[in-house]
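I am attaching a structure below and will ask some questions about it afterwards.
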Amino acid sequence: MAFAPRVFSGMQPTGNLHLGNYLGALTRWVEMQSTHDCIYCIVDLHAITASWQDPKELRQSIRDVAAAYIASGVDPKRTILFNQSQVAAHAELAWIFNCTARLGWLNRMTQFKEKAGKDRENASIGLYDYPVLMAADILVYRATHVPVGDDQKQHLELTRDIAQKFNSDYREQIAEAGYADGQFFPLCEPVIMGPATRVMSLRDGTKKMSKSDVSDLSRINMTDDHDTIAKKIQKAKTDMDGIPSEEAGLAGRPEADNLVGIYAALQNGSKATVLTEFGGAQFSTFKKALADLAVAKLTPVNAEMRRLSADPAEIDRILKNGAERAAAVAQPIISETKRLVGFG
């Protein structure tokens with residue numbers, strides 16, 4: 001069967017969203033609304049996998065992330081926007097996929113090793129099983145395209161493996177149901193676009209910008225005001241050399257490469273264009289221009305987030321409506337999956 005193009009993606013409601021989330025994901029999500037059927041999720045089931053979350057704070061974080069999505073341009077009238085825990089089909093399909101995936105596949109997942117560290121024995125089963133739930137998130141809507149960062153590509157490959165194995169395990173039932181090509185679940189494709197798909201820390205250009213970094217100076221939060229944004233950019237780590245005129249001059253200079261990439265993404269341009277404009281300039285000049293651009297782009301988003309957050313009941317209404325629409329898409333797929341497996 002031919003699968004209609006559909007996009008699924010989501011973010012966890014843990015900590016403040018930052019510039020990396022905005023440039024690496026949200027701006028791309030907004031663009032894709034014009035070309036695809038889009039489903040965007042606040043993945044609150046994933047949020048409790050790594051550590052315990054205060055229930056009151058988690059509820060507020062879900063609303064905050066929803067406000068950030070909408071303020072960035074995600075339109076809940078055009079796009080399905082909801083929080084994951086409100087659609088039971090995610091958890092149902094995850095269990096079926098737990099019985100499809102293999103232990104060896106999960107043992108190869110590098111992100112679990114990084115997050116669990118030396119305390120692996122005390123990590124939750126949810127953290128270990130995170131990639132299987134991610135596969136269920138995507139395939140319960142038969143999504144064909146998934147905007148992901150570089151750090152999630154391995155998980156998406158696992159999603160494809162799970163889909164392929166399910167299609168193979170139940171190939172007779174799938175054929176009997178009329179799926180002539182033997183595919184009930186699609187082999188989804190990653191979508192990695194733009195010059196800032198991996199925005200790095202402002203304090204260390206070799207590390208990804210993260211909500212969990214102990215230094216707030218390492219990131220620009222979407223809740224930062226214009227003075228804070230400008231201050232963080234001015235304090236961003238650089239090297240002794242100036243701005244090169246060609247991209248080759250950024251090799252081996254992670255902080256310079258990161259700042260140039262951020263400017264290019266905010267301008268919706270390329271690194272080459274930025275270097276043509278600023279090549280030969282000192283970082284003091286470039287940082288001033290970057291701060292002005294970041295403030296111009298992010299301050300309106302920040303203001304809209306504050307406006308939306310002042311009406312939590314409206315955010316709850318949007319999420320409830322989105323969950324109902326998401327469930328309407330997911331329910332026939334999970335019902336057919338259960339039938340193929342033999343559950344009734």
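The values are calculated or read from the model by the stated rules, or taken from the named source; none is laboratory data. Note that the coordinates shown come from a computational prediction; the quantities given were computed from them, not determined experimentally. When we count neighbours, we look across all protein chains shown, and the Cβ atoms used for this are built from the backbone with ideal geometry, even at glycine. For accessibility, only protein heavy atoms count, side chains too; no ligands or nucleic acids. Shrake-Rupley method; radii C 1.70, N 1.55, O 1.52, S 1.80 Å.
Rundown of residues vs (1) of a type in the set (A, V, I, L, M); (2) within 20 Å of Gln152 (Cα to Cα); (3) in contact with a Lys or Arg (Cβ under 7 Å, 6 or more places away or on another chain), yes/no style:
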| site | (1), (2), (3) |
| --- | --- |
| Gln12 | no, yes, no |
| Leu17 | yes, yes, no |
| Ala25 | yes, yes, no |
| Met32 | yes, yes, no |
| Asp37 | no, no, yes |
| Glu57 | no, no, no |
| Val65 | yes, yes, no |
| Gln84 | no, yes, no |
| Ala94 | yes, yes, no |
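Lys235 is checked against (1) modelled with pLDDT under 95; (2) open to solvent by 80 Å² or more (accessible area, probe 1.4 Å) and fails just one. What number does that condition carry?
Result: Lys235 passes all but (1).
So, one more: Restricting to segment 15-26, count the residues that are more than 11 Å from the chain's Cα centre (by Cα) and crowded, with 20+ Cβ neighbours inside 10 Å. Even if it seems obvious, please write down each step before you answer.
Step one: list which residues in segment 15-26 are more than 11 Å from the chain's Cα centre (by Cα), which gives 15-16, 18-19.
Still in the running and crowded, with 20+ Cβ neighbours inside 10 Å: 18-19.
Of the residues in segment 15-26, 2 are more than 11 Å from the chain's Cα centre (by Cα) and crowded, with 20+ Cβ neighbours inside 10 Å.
Based on this model, can you work out whether Pro5 counts as more than 21 Å from Leu319 (Cα to Cα) and open to solvent by 20 Å² or more (accessible area, probe 1.4 Å)? Talk me through it step by step, then tell me what you get.
On the way: more than 21 Å from Leu319 (Cα to Cα): yes; open to solvent by 20 Å² or more (accessible area, probe 1.4 Å): yes.
When the stated conditions are applied, Pro5 passes them.
Are any residues in segment 171-184 assigned to a helix (DSSP H, G or I) and in contact (Cβ under 8 Å) with a residue 12 or more places away in the chain, and if so, which ones?
Residues satisfying the conditions are Gln173, Ile174.
Is there any pair with a first residue in segment 20-39 that is in contact (Cβ under 8 Å) with a residue 40 or more places away in the chain and a second that is open to solvent by 20 Å² or more (accessible area, probe 1.4 Å) and of a type outside the set (Gly, Ala, Ser) whose Cβ atoms are under 6 Å apart and which are 6 or more apart or on different chains, and what are they?
Partner pairs satisfying both residue conditions: Gly24/Thr197; Arg28/Met193; Gln33/Arg78; His36/Pro5.
Between a residue in segment 191-218 that is under 24 Å from Val7 (Cα atoms) and any residue that is at pLDDT below 85 and among the charged types (D, E, K, R), which pairs come within a Cβ distance under 8 Å, given they are 6 or more apart or on different chains?
Ile192/Asp150; Ile192/Lys153; Thr197/Asp150; Arg198/Asp150; Arg198/Asp151
List the pairs whose first member sits in segment 122-133 and is aromatic (Phe, Trp, Tyr), whose second member is crowded, with 22+ Cβ neighbours inside 10 Å and modelled with pLDDT of 90 or more, and whose Cβ atoms are under 8 Å apart, counting only residues at least 6 apart or on separate chains?
Once the first residue is aromatic (Phe, Trp, Tyr) and sits in segment 122-133, its partners that are crowded, with 22+ Cβ neighbours inside 10 Å and modelled with pLDDT of 90 or more give Tyr130/His46.
Going through segment 10-64 one residue at a time, which ones are under 17 Å from Lys211 (Cβ atoms) and among the β-branched types (Val, Ile, Thr)? Let's see the steps before the verdict.
First, pick out the residues of segment 10-64 that are under 17 Å from Lys211 (Cβ atoms): 10-26, 42-44, 46-54, 57-58, 60-64.
Passing the criteria: Thr14, Ile42, Val43, Ile48, Thr49, Ile62.
In the set Ala272, Ala248, Ala294, Ala289, which member is over 26 Å from Arg28 (Cα atoms), aliphatic (A, V, I, L, M) and part of a helix (DSSP H, G or I)?
Numbers: Ala272 fails: over 26 Å from Arg28 (Cα atoms); Ala294 fails: over 26 Å from Arg28 (Cα atoms); Ala289 fails: over 26 Å from Arg28 (Cα atoms).
Checking each option against the conditions leaves just Ala248.
Also, quick follow-up: For segment 121-171, name all the residues that are of a type in the set (Gly, Ala, Ser) and modelled with pLDDT under 95.
Ala123, Ser124, Gly126, Gly149
For the subset of segment 105-132 comprising residues that are over 19 Å from Ala91 (Cβ atoms) and within 19 Å of the chain's Cα centre (by Cα), which member is most open to solvent (accessible area, probe 1.4 Å)?
Across segment 105-132, the extreme among qualifying residues is Glu114.
Something else now. Are any of the residues in segment 148-167 closer than 22 Å to Phe343 by Cβ and open to solvent by 50 Å² or more (accessible area, probe 1.4 Å)?
Checking segment 148-167: at least one residue is closer than 22 Å to Phe343 by Cβ and open to solvent by 50 Å² or more (accessible area, probe 1.4 Å).
Right, something else. Using the structure shown, decide if Ala248 is of a type in the set (Gly, Ala, Ser) and surrounded by fewer than 16 Cβ atoms within 10 Å (Cβ to Cβ).
Working: of a type in the set (Gly, Ala, Ser): yes; surrounded by fewer than 16 Cβ atoms within 10 Å (Cβ to Cβ): yes.
Criteria met by Ala248.
Contact list please: Cβ distance under 6 Å, first residue in segment 316-340 and under 15 Å from Asn83 (Cβ atoms), second residue assigned to a helix (DSSP H, G or I) and open to solvent by 70 Å² or more (accessible area, probe 1.4 Å), pairs at least six apart or on different chains.
Close Cβ pairs satisfying both conditions: Ala323/Gln86.
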